[in-house]
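The values are calculated or read from the model by the stated rules, or taken from the named source; none is laboratory data. Predicted model only: the values in this text are computed from it and were never measured. Cβ sites come from the backbone with ideal geometry, for glycine too, and all protein chains shown count toward neighbours.
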Amino acid sequence: MKKTTNVFLWIAQTLLSITLIWAGALKNIQPIEKLELMWPWAGQVSPAFVQFTGVIDLLGGIGLIVPALFRIKPILTPIAALGIILLMISASVFHISRGEGTQIGFNIVVAAIAGFIAYGRLKVVVIRSK
C-alpha cells in the first residue's frame with residue numbers, strides 16, 4: 001500500500017472515530033433535554049434507544065482505531081467500518097421515515113468515509129495474509 005493512502009486512511013479513521021466517540025459519549029452522558037437541542041429526534045424516542053445508539057457509536061469509534069493501531073485482529077477495523085455503513089443506512093432510513101430526508105447528508109458522508117476505510121483496511125489485511 002502506498003504511504004500516502006495509509007496516511008489518508010489514518011486521518012479518516014481518526015476523524016470518524018473522534019466523531020463517533022463524541023456522539024456516543026453525548027448520547028450516554030447528556031440529559032435528553034440537552035440532546036434534543038442538537039438532535040430533535042432524541043426527545044421523541046425512548047431514552048433507552050438514544051443510549052443504545054450511543055453505545056453503537058462508541059463501539060464503532062473504538063473499532064476503527066484500536067485493532068489497526070495495536071495490530072490485534074486488524075480484520076476488525078474493516079468490519080467496524082462496514083458496521084458503521086450499516087448504522088448510517090439505518091439512520092438514513094430512520095430520518096426518511098420521519099420526513100427528515102434533508103437530514104441524511106451527514107449520514108451519507110459518514111458512510112462514504114467508512115466505505116473508504118473498509119476498502120483500504122481490508123486491502124491491507126488481504127495483502128498481509130498472503
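Give me the residue from the range 31-55 that is part of a helix (DSSP H, G or I) and of a type in the set (Phe, Trp, Tyr) and, out of that set, nearest to LEU20 (Cα to Cα).
This residue is PHE52.
I need a count of the residues in the range 23-55 that are in contact (Cβ under 8 Å) with a residue 24 or more places away in the chain, within 22 Å of ALA80 (Cβ to Cβ) and not polar (S, T, N, Q).
Number of matching residues: 7.
Can you name the condition, by its number, that VAL124 falls short on among (1) within 14 Å of the chain's Cα centre (by Cα); (2) within 30 Å of LYS2 (Cα to Cα)?
For VAL124, the failing item is (1).
Can you confirm whether ALA111 is in a helix (DSSP H, G or I), under 11 Å from the mean Cα position of the chain (by Cα) and either surrounded by fewer than 17 Cβ atoms within 10 Å (Cβ to Cβ) or of a type outside the set (Val, Ile, Thr) (or both)?
Yes, satisfied.
Here is a list: ALA112, ALA118. Which entry is modelled with pLDDT of 95 or more and touching a Pro at 6+ places or on another chain (Cβ under 6 Å)?
Sole residue among the options that is modelled with pLDDT of 95 or more and touching a Pro at 6+ places or on another chain (Cβ under 6 Å): ALA118.
Considering the range 88-104 alone, what residues qualify as being of a type outside the set (Gly, Ala, Ser) and either in a helix (DSSP H, G or I) or in contact with a Pro (Cβ under 7 Å, 6 or more places away or on another chain) (or both)?
MET88, ILE89, VAL93, PHE94, HIS95, ILE96, THR102, GLN103
Conditions tested, residue by residue: (1) modelled with pLDDT of 95 or more; (2) outside any helix (DSSP H, G or I); (3) in contact with an Asp or Glu (Cβ under 9 Å, 6 or more places away or on another chain).
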position: ILE62; (1), (2), (3): yes, no, no
position: VAL66; (1), (2), (3): yes, no, no
position: LYS73; (1), (2), (3): no, yes, no
position: GLY83; (1), (2), (3): yes, no, no
position: LEU86; (1), (2), (3): yes, no, no
position: PHE106; (1), (2), (3): yes, no, no
position: VAL126; (1), (2), (3): no, no, no
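When the range 1-17 is examined, which residues are found to be surrounded by 12 or more Cβ atoms within 10 Å (Cβ to Cβ) and either of a type in the set (Gly, Ala, Ser) or assigned to a helix (DSSP H, G or I) (or both)?
Passing the criteria: THR5, ASN6, PHE8, LEU9, TRP10, ALA12, GLN13, THR14, LEU15, LEU16, SER17.
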